[in-house]
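A.B. asks: One structure follows; several queries about it will come next.
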Amino acid sequence: MNILLIGQGGRENAIAEKIVRSKRTGRLFVSPGNCGTAEFANNAAIGDSFEAIRDFVIANKVKMVVVGPEQPLVDGIADFFADDRALKDVIVIAPSQKGAMLEGSKDFAKAFMERNHIPTARYQSFTKATFDDGAAFLQTMTPPFVLKADGLASGKGVLIINDLEEAKAELKSMLFDGKFGSAGGKVVIEEFLQGIECSMFVLTDGKSYKILPEAKDYKRIGEQDTGLNTGGMGSVSPVKFVTKEFRDKVEQRIIKPTIEGLRNEQIDYRGFIFIGLMNVGGEPYVIEYNVRMGDPETEVVFPRIKSDIVEAFEAVSKQKLDKYELEIDSRYAVCVMMVSKGYPQAYEKGKVITGFENTEDCLLFHAGTMENEDGDVLTNGGRVLAVTCFGNNQYDAMDKCYRNVGRIKFEGAYYRRDIGKDLL
Ligand code: AMP
Ligand code: GLY
């Protein structure tokens, strides 16, 4: 079967690598893909328009479409395919547009959790018309104050503020001055949760589900979680504090009610759910839903999936996931992200990357790279390369990962040296 994967990051490189190993896969296309996917798949720059994707799917006899990033999901790619007779036999691993609102609207997600009794921070939502109520609500809360733009804001729409007056001013600038654009037309204000975060992943056909390996990601640029937020500097799976007891709580209190809620509300959902969790003294709370896999979590989660992922996707499309056995590698995986000097602020591109041939026993997922006419691989983004290694324990995985990271060179290369350290 020919398969099209949409996206271009380290996440998509890791997903593509798993798809291409399936005995069910014929040709794999990745749009637009990157240097990593070019090594074993066909990159095709189809663009974002659903019509262009449809034409490509028909012309290339694609039978399955897998979607990496959130934007096409929130824009309704699943509904577009379902509504087009020429595409109705194409499997699309994506929630419906309504389902994608779990990520596309924080207000929708919070109301969904409230309706389905899923533990999350206490909240209220406000618009321009209810700004005064929002300011009054802030006054009833204890700092720090958490303000979230309702819509997609590329991971930048959350503000955590200690000072009440500053929080009111930010609320005003989100609602009235278009800070975060239309995403901030509505603002969720919620209680601050104190704890340690982790990411859980579920593949669902809308009726049943499989829990994928959990992961922890490291968002800040600096060691010991200091400095600016980034797209993610590394990840680890499994996560030590996700014990059987904690996982059971997540399944009973969050995953089951989420799937049942989708079903009861007749929301068609055949894809991934990424649950951002806060572990508050051993009790799980949902910080956010995403309707896709995480990046760089995928770079440790997907390598741990031993089963044939395309068969899993077929089971999802037939709503027979309950019959599917998901086999997971019990080893530890650690991913360290190599980034450009200056990231997440201004950085230069076009630095030659060398040393690939010196790495051993590791997976290299490309995030921001490009190839020049001479066949050199150059840096082409802030996050450049995700280096993932396995170990029988976390320490071994980290050790191997850092040895391989040290063998890859480019001018200004930066990475955090403490990925996973807090979990040892
Ligand atoms: P989100 O985009 O919702 O994942 O939020 C971004 C980050 O803000 C999260 O990864 C958390 O670190 C933090 N955050 C969001 N909501 C809360 C909350 N209610 N309490 C504490 N931290 C939060
Ligand atoms: N690693 C967090 C995310 O993908 O949103």
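The values are calculated or read from the model by the stated rules, or taken from the named source; none is laboratory data. Just so you know, these numbers come straight off a predicted model, no measurement behind them. Because the Cβ atoms are built from the backbone with ideal geometry, glycine has one as well, and the counts that use them run over all protein chains shown. Heavy atoms of the whole protein, side chains included, go into the accessibility calculation; ligands, DNA and RNA do not. Shrake-Rupley method; radii C 1.70, N 1.55, O 1.52, S 1.80 Å.
A.B. asks: Considering only DSSP beta bridges with both partners in the chain, what is the antiparallel share in %, to the nearest 5?
C.D. replies: Counting only bridges with both partners in the chain, antiparallel ones make up about 80 percent.
A.B. asks: What FRET efficiency, computed as 1/(1 + (r/R0)^6) with R0 = 35 Å and r the Cβ-Cβ distance, is obtained for residue 244 and residue 421, rounded to the nearest 0.05?
C.D. replies: The formula returns an efficiency of 0.90 here.
A.B. asks: What distance in nm lies between label points placed 7 Å from Cα along the C-beta direction at residue 283 and residue 52?
C.D. replies: In this crude label model, residue 283 to residue 52 measures out at 4.9 nm.
A.B. asks: Let me ask something else about it. Please report the carbon-and-sulfur percent of the accessible area for the chain; probe 1.4 Å, protein heavy atoms only, DNA, RNA and ligands left out. Before the final figure, lay out the partial values.
C.D. replies: Values: 8460 of 18330 Å².
C and S atoms contribute 46 percent here.
A.B. asks: How much area per residue is accessible in the chain when the probe is 1.4 Å and only protein heavy atoms are counted (Å²)?
C.D. replies: Normalised by residue count, the accessible surface of the chain is 43 Å².
A.B. asks: Which value, in debye to the nearest 20, describes the size of the charge dipole of region 286-392 about its Cα centre when Lys and Arg Cβ atoms bear +1, Asp and Glu Cβ atoms bear -1, and nothing else is charged?
C.D. replies: On the way: 11 positive and 19 negative charges, 83 e Å.
The dipole of region 286-392 has a size of about 400 debye.
A.B. asks: Still on this structure: For residue 411 paired with residue 63, estimate the spin-label separation in nm (one decimal), with each label point 7 Å from Cα along the Cα-to-Cβ line.
C.D. replies: Distance between label points: 4.9 nm.
A.B. asks: Beta carbons within 10 angstrom, averaged per residue: use that to sort the peptides 152-161, 352-361, 272-281, highest first.
C.D. replies: On the way: 152-161: 16.4, 352-361: 12.8, 272-281: 19.7.
So the peptides 152-161, 352-361, 272-281, ranked by packing, come out 272-281, 152-161, 352-361.
A.B. asks: Residues with beta-carbon under 14 Å from that of residue 248, excluding residue 248: net charge, scoring Lys, Arg +1 and Asp, Glu -1?
C.D. replies: Local charge sum for residue 248: +1.
A.B. asks: From the Cα gyration tensor of the chain, with a ≥ b ≥ c the square roots of its eigenvalues, which class applies: rounded if a/c is under 1.5, or else prolate if a/b is larger than b/c, or else oblate?
C.D. replies: Here the chain falls in the rounded category.
A.B. asks: Roughly how many Å is it from the Cα centre of region 377-398 to that of region 273-327, as a whole number?
C.D. replies: Spelled out, the Cα-based centre of one part sits 21 Å from the other.
A.B. asks: Taking the Cα centre of region 294-353 as the origin and placing charges on Cβ (Lys, Arg +1; Asp, Glu -1), which of 345, 313, 335 is farthest toward the positive end of the dipole?
C.D. replies: In region 294-353, that residue is 345.
A.B. asks: Pick from 21, 270, 304 the residue whose mean-square fluctuation is largest in a GNM of the chain, springs joining Cα atoms under 10 Å.
C.D. replies: Largest GNM mean-square fluctuation: 21.
A.B. asks: I need the calculated FRET efficiency for the pair residue 164 and residue 208, taking r as the beta carbon distance and R₀ as 60 Å, to the nearest 0.05.
C.D. replies: In this case the efficiency is close to 0.85.
A.B. asks: Using 0.36 nm times the number of residues separating residue 173 and residue 224, minus their current alpha carbon distance, what extension gain do you get?
C.D. replies: Details: separation 51, 0.36 × 51 = 18.36 nm, distance 3.10 nm.
Once the chain is fully extended between residue 173 and residue 224, it gains 15.3 nm.
A.B. asks: Quick one: of 179/349; 306/400; 349/400, which pairs are farther than 24 Å apart, Cα to Cα? Walk me through the intermediate numbers first.
C.D. replies: Values: 179/349 28 Å; 306/400 21 Å; 349/400 27 Å.
Violating the 24 Å Cα-Cα cut-off are 179/349; 349/400.
A.B. asks: Could you point to the residue in 189, 414, 391 farthest towards the positive end of the chain's charge dipole, with +1 and -1 charges on the Cβ of Lys/Arg and Asp/Glu respectively?
C.D. replies: 391
A.B. asks: Students sometimes get this wrong: rank 233, 1 by accessible area, probe 1.4 Å, all chains present, largest first.
C.D. replies: Solvent-accessible surface, decreasing: 1, 233.
A.B. asks: Rounded to the nearest 20 Debye, what is the dipole magnitude of the chain about its Cα centre when Lys and Arg each give +1 and Asp and Glu each give -1 at the C-beta?
C.D. replies: It works out to roughly 660 debye.
A.B. asks: Also, I was wondering about something else. Which of the peptides 64-73, 367-376 is most tightly packed, and how do the rest follow, going by the mean number of other Cβ atoms within 10 Å of each residue?
C.D. replies: Ranking the peptides 64-73, 367-376 by packing returns 64-73, 367-376.
A.B. asks: Quick one: among 23, 207, 216, which has the greatest mean-square fluctuation in a GNM of the chain with alpha-carbon springs under 10 angstrom?
C.D. replies: 23
A.B. asks: With springs only between Cα atoms under 10 Å apart, run a GNM on the chain and tell me which of 34, 229, 392 wobbles the most.
C.D. replies: 392
A.B. asks: Can you compute the helix-only [θ] at 222 nm over the chain? Use -39500 (n - 2.57) per DSSP H run of at least 4 residues, normalise by all residues, nearest 500 deg cm²/dmol.
C.D. replies: Helix-only estimate at 222 nm: -7500 deg cm²/dmol.
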